[in-house]
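The values are calculated or read from the model by the stated rules, or taken from the named source; none is laboratory data. As the structure is a computational prediction, the values presented were derived from the model and not from experiment. A quick note on method: Cβ atoms are made from the backbone with ideal geometry, for glycine too, and the neighbour counts reach across all protein chains shown. Quick note on the areas: whole protein, heavy atoms, side chains included, nothing else; ligands and nucleic acids left out. Shrake-Rupley method; radii C 1.70, N 1.55, O 1.52, S 1.80 Å.
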Amino acid sequence: MSWACRVLFSFLVLIGGAQAFPTKPVKIVAPFPPGGPIDVLARSVADRYQKKTGQTVVVENRAGGAGNIGIQAVAQAPADGHTWLFIPQGNITINATLMKDLPFNWERDFAPVTLIAYAPNILVVNPSVPAKNVKELIQYAKANPGQLTYGSPGIGSSLHLIGELMKREAGIEISHVPYKGTSQAMQDLLGGQISMMFGSAPTLMPQVKAGKLRALAVTTAKRTPAAPELPTLVESGLKSLDVPSWYGALVPAKTPPDIVLQIQRDIAAILNQGEVKQVLEGQGLYPVANRPDEFAAQIKRETAVWARVIRAAGIKAE
């Protein structure tokens, strides 16, 4: 074989290898019912990944067990890159400490692919609370210990733990009131039965604009495009309160690293499309698509933070 033929053969092998994945239909497991942020992200990616690769891409909403049924199914799936898991942060960074009998272990059973997107949360209060900003809220809480209450969608939820983290850093006492979902907490906040809560900007900002709630700050390091007039909690002096909600992609642990990286690159390319950004930002979701090593480091760092909060507050799973 001549030198030119060998070069051509090597080039064709490389091209063929690059096109060898995926080789069969891809399944994206969203372990919660349709309609939430995970479902929106999964379907946004699935549609465009199918067009890009020509392979069928199925979104499976495998709900149950607070997400654990779908998560375990992916942990037990073949490690060939054809089964993905889209998951919110709480199931990764919080439940590892909060739930003692999980049928899987994040470090052992999964390989991080990418942080798909984040969603800024905002801190809101009932207008009866005499605080126009975070500094005034802290001053009021210190002058009236135990009088303020904050609601959350449940014990151990990320919005519960953000409140506990704020209490620790600010040195204040605010009583936690758990609900069975955000909508119930919202009703009591609007009615004045509780003083404040953290929640997503798309959920809370309509009530703020209607004058029914007062927004004080956002939970991201930078101000959010959804409400650029709001300062961050970090700006307000609470340096550890860079705590947005986020959603990530993982695959079974023994998936080959080159396939993990290819999946990350493909997801990143999809999320960088203008129309995809527009759709997601309309839902209050801001694409990230960082590298697998960056995402792994973030999971490890945040797991340690929430473990300290959970243990210090003595939080137990319901």
Heavy-atom surface of segment 163-228, accessible at 1.4 Å and reported per residue (Å²): 45
Using alpha carbons only: equivalent-ellipsoid semi-axes of segment 69-199, gyration tensor based, whole Å: 36, 14, 13
Dipole magnitude (debye, nearest 20) for the chain, charges at Cβ of Lys, Arg, Asp, Glu: 160
Residue-normalised accessible area of segment 41-103, given per residue in Å² at a 1.4 Å probe: 40
Antiparallel DSSP beta bridges within the chain, percent to nearest 5: 60
Summed residue charge, Cβ within 12 Å of Leu137's Cβ, Lys/Arg positive, Asp/Glu negative: +4
Paramagnetic reach from Lys51 in segment 244-276 [backbone N under 18 Å; point 7 Å along Cα→Cβ]: 266-276
Counted charge near Arg62, where neighbours are those whose Cβ lies closer than 15 Å (Asp, Glu -1; Lys, Arg +1): 0
Peptide ranges 103-114, 85-96 listed from the most packed, as the mean C-beta count within 10 angstrom indicates: 85-96, 103-114
Cα gyration tensor shape for segment 220-305, rounded if a/c is under 1.5, else prolate or oblate: oblate
Karplus-derived HN-Hα couplings along segment 247-259 (A = 6.51, B = -1.76, C = 1.60, θ = phi - 60°), whole Hz, x at Gly and Pro: 9, x, 10, 9, 9, x, 4, 8, 4, x, x, 5, 6
Antiparallel bridges, percent of DSSP beta bridges restricted to segment 83-231 (to nearest 5): 60
Spatially proximal lysines relative to Lys52 (Cα-Cα < 19 Å; intrachain offsets below 8 disregarded): Lys24, Lys27, Lys277
Amide N of segment 61-88 lying under 19 Å from the label point, which is placed 7 angstrom from the Cα of Glu318 along Cα→Cβ: 63-69, 88
Between helix 182-191 and the chain: long-axis angle, C-alpha atoms, 0 to 90°, nearest 10: 20
Cα lying deepest toward the dipole's positive end in segment 198-318, options Leu285, Ile259, Gly237, charges on Cβ: Gly237
Global form of segment 113-163, assessed from the alpha-carbon gyration tensor, a/c cut-off 1.5: prolate
Global geometry of segment 144-248, whether rounded, prolate or oblate, following the gyration tensor of its Cα atoms and the 1.5 cut on a/c: rounded
Portion, in percent, of the accessible area of the chain that falls on carbon or sulfur, probe 1.4 Å: 54
Calculated semi-axes √(5λ) of the Cα gyration tensor in Å (choose from (1) 34, 27, 17; (2) 48, 25, 16; (3) 41, 20, 17), label: (3)
